[in-house]
Amino acid sequence: MNEHDSERIAGLLMADGLTPTEDLDQAGVVVFNTCAIRENAENRLYGNLGHLKPLKDRNPALRIVVAGCLAQKDQGAIQARAPWVDVVVGTHALPQLLDLLATAERDGPQMDVSESTEVFPSALPAARHDDFRAWVSIAPGCDNACTFCIVPLVRGPQRSRAIGDIVAEVQGLARRGVIEITLLGQNVNTYGRDVTVPGSSSRPLFADLLRVVGAIEGIRRVRFTSPHPHDFTPDVIDAMAETSSVCEHIHFPLQSGSDRVLKAMQRSYRRDRYLGWLERIRAAIPGIAVSTDIIVGFPTETEDDFQATLDVVERAGFDSAYTFQYSPRPGTRAAGFVEQVPKEVVQERFDRLLVLQERISLDRARAQVGHAFEVLVEGAGKRGPSVQARTRTNRIVHVPDELDPGTFAWTRITGAAAHYLTGELVPAPDVITV
Ligand code: 5AD
Ligand code: SF4
């Protein structure tokens, strides 16, 4: 979501006549689009702002903007701590960015952290990182209240976009050459809860959206993030299995393998239900890759709870996992729990989880060797003449050839590491028509 918003920030500034630069000394405007999900992101912002102070002293015409979740969370505290920041723009106020910059020019530091806006950021011009892939926001905000999570506080309640608007956006993207889209929501399964289908009183479902968007001409790959195991429904599995453009990959956040911890997290599924979903998903979509998010050291987590997480990780056989050390966030319920887990215990558990998951990731990657997959070329490789490409299952493949980004190729996998594969080009398999 943050990248989606960054592309809008860049789009607005470029529409206003600015051009991007990698060179800080050349920059007229510097924007930090911030994340508040863990404390280290927060520390980095204040570190970076400190580094900019001498530059601003030398060049008072430089405009410094802090946008995003941390802007929403810290509000006036940012300019109190770093008075050389010109504009603080919260998650809902992005459409106001250019006005705020213009006013700051005239009247000094500005801030807009208003709680809601009529305009979805999706409606703003975007300067996308790639011209063949795009993020598509379907429902900003979140109605859940996971006790560790700051997102509902900084992004507000879920607001589903009208299905027609989403379809129109994707059609427009396809016309401009986009072939892969990623539908974005904090909890994509509750998409549509707060809107109705035009001309009817029924609510659009995420499965409907997948089918409609997946049928748009020119869109070859559809991804989405993230479903929530609590709100997951079988019709989503059917829509995934029956829509050929929907990729064989699901990001399915586990957070913890202990039922007791899940309850304390206010995540209202349990480990058996989670594993049951995985079984059904894998049975319906052969070869699907599964990734997850796991938090280690949630307050009250005991060694037994942690063992339960290791056990679920072993059983689930994730292709990859984003693992996080619990970080208390102000305003969340869990930050007030008295039984915080000591830092060294969290670190030690985190290291054990990483060792286990690396082994599983490597096993799953090795199982791909010898098989052929369609890949989408993303860009130049790091070493020698090569490219980085991606399978439908979201695995990175390094191919020792020069191919244009945004093109498809077929590769046979020749090597595997925990986080990437290597492959060689092979002819596309014959398509058998009956
Ligand atoms: N501490 C650590 N990890 C967190 N996440 C969300 N909030 C926290 C927190 N306070 C993780 C969750 C979520 C992912 C995006 O970030 O695993 O799924
Ligand atoms: Fe945070 Fe839970 Fe909402 Fe995800 S579902 S954004 S973890 S509150």
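Each value in this text was obtained by applying a stated rule to the coordinates, not by laboratory testing. This one's a predicted model, so the numbers in the text were calculated from it and none came from an experiment. For neighbour counting, all protein chains shown are included, and Cβ atoms are generated from backbone atoms with ideal geometry for every residue, glycine included.
Along its three principal axes, how long is the range 262-387 when you only count alpha carbons? Whole Å, largest extent first please.
53, 37, 26
In a shell of Cβ-Cβ distance under 10 Å around GLN158, excluding GLN158 itself, what net charge do Lys and Arg (+1) and Asp and Glu (-1) give?
+1
I'd like to know which of PHE408, ILE37, THR182 lies farthest towards the positive end of the charge dipole of the chain, counting +1 on Cβ of Lys and Arg and -1 on Cβ of Asp and Glu.
Of the options given, the answer is ILE37.
Name the shape class, rounded, prolate or oblate, that the alpha-carbon gyration tensor gives for the chain, where a ≥ b ≥ c are the square roots of its eigenvalues, rounded holds for a/c under 1.5, and otherwise prolate holds if a/b is larger than b/c and oblate otherwise.
Cα axes put the chain in the rounded bin.
With Rg and the Kirkwood Rh both taken from Cα atoms, where does Rg over Rh land for the range 369-434?
Rg/Rh for the range 369-434 comes to 0.98.
For a quick size check, give me the Cα extents of the range 38-124 along its three principal axes, largest first, whole Å.
For the range 38-124, the Cα extents along the three principal axes come out at 38, 34, 20 Å.
Quote the charge dipole size of the range 1-135 about the Cα centre in Debye, to the nearest 20; the model charges only the Cβ of Lys and Arg (+1) and of Asp and Glu (-1).
For the range 1-135, the charge dipole is close to 320 debye.
What FRET efficiency do you get for PHE408 and ASP165 if R0 is 25 Å and r is their Cβ-Cβ distance, rounded to the nearest 0.05?
In this case the efficiency is close to 0.30.
Give the peptides 366-374, 142-150 in descending order of average Cβ contacts within 10 Å, highest first.
142-150, 366-374
Taking the Cβ of GLU348 as the center, what net charge do the other residues with Cβ under 13 Å away carry, scoring Lys and Arg +1 and Asp and Glu -1?
Charge balance near GLU348 sits at -1.
Rounded to the nearest 5, what % of the DSSP beta bridges within the chain are antiparallel ones?
Antiparallel: roughly 35 percent of the beta bridges in the chain.
With a sphere of radius 10 Å drawn around the Cβ of ASP74, what net charge do the other residues whose Cβ falls strictly inside it have (Lys, Arg +1; Asp, Glu -1)?
Cβ neighbours under 10 Å give a net charge of +1.
How many nm is it between the label spots at VAL426 and SER202, if each spot is 7 Å from the Cα in line with the beta carbon?
Using points 7 Å along Cα→Cβ, the separation is 4.3 nm.
About the Cα centre of the range 317-417, what is the dipole size in debye to 20, counting +1 per Lys and Arg Cβ and -1 per Asp and Glu Cβ, all else neutral?
In debye, rounded to 20, the range 317-417 gives about 200.
Could you tell me the center-to-center distance, by alpha carbons, between the range 142-190 and the range 209-240 in angstrom?
After rounding, the separation between the Cα centres reads 12 Å.
Over 23 Å apart: what share of the alpha carbon pairs of the range 216-318 falls there, rounded to a whole percent?
30 percent
Which GluC sites (Glu not before Pro) from the range 171-257 combine a DSSP loop assignment with at most 13 other Cβ atoms within 10 Å?
When the GluC sites (Glu not before Pro) of the range 171-257 are filtered for loop state and at most 13 Cβ neighbours within 10 Å, GLU217 remain.
Percent of Cα-Cα pairs per 5 Å bin, from 0 to the last occupied bin, for the range 1-90, please list those.
Going out from 0 Å in 5 Å bins, the range 1-90 shows 3, 13, 25, 26, 20, 11, 1 percent.
Before rounding to the nearest 500, sum -39500 (n - 2.57) across all DSSP H runs of length at least 4 in the chain and divide by the residue total; then give [θ] at 222 nm in deg cm²/dmol.
So the calculated ellipticity at 222 nm is -10500 deg cm²/dmol.
Test of understanding: what is the full-extension gain from ASP351 to GLU279, defined as 0.36 nm times their sequence separation minus their Cα-Cα distance?
Roughly 23.2 nm would be gained on extension.
Let me check against my output: what whole-number percent is the relative contact order of the range 99-207, with C-alpha pairs under 8 Å and at least 6 apart?
Once normalised by length, the contact order is 25 percent.
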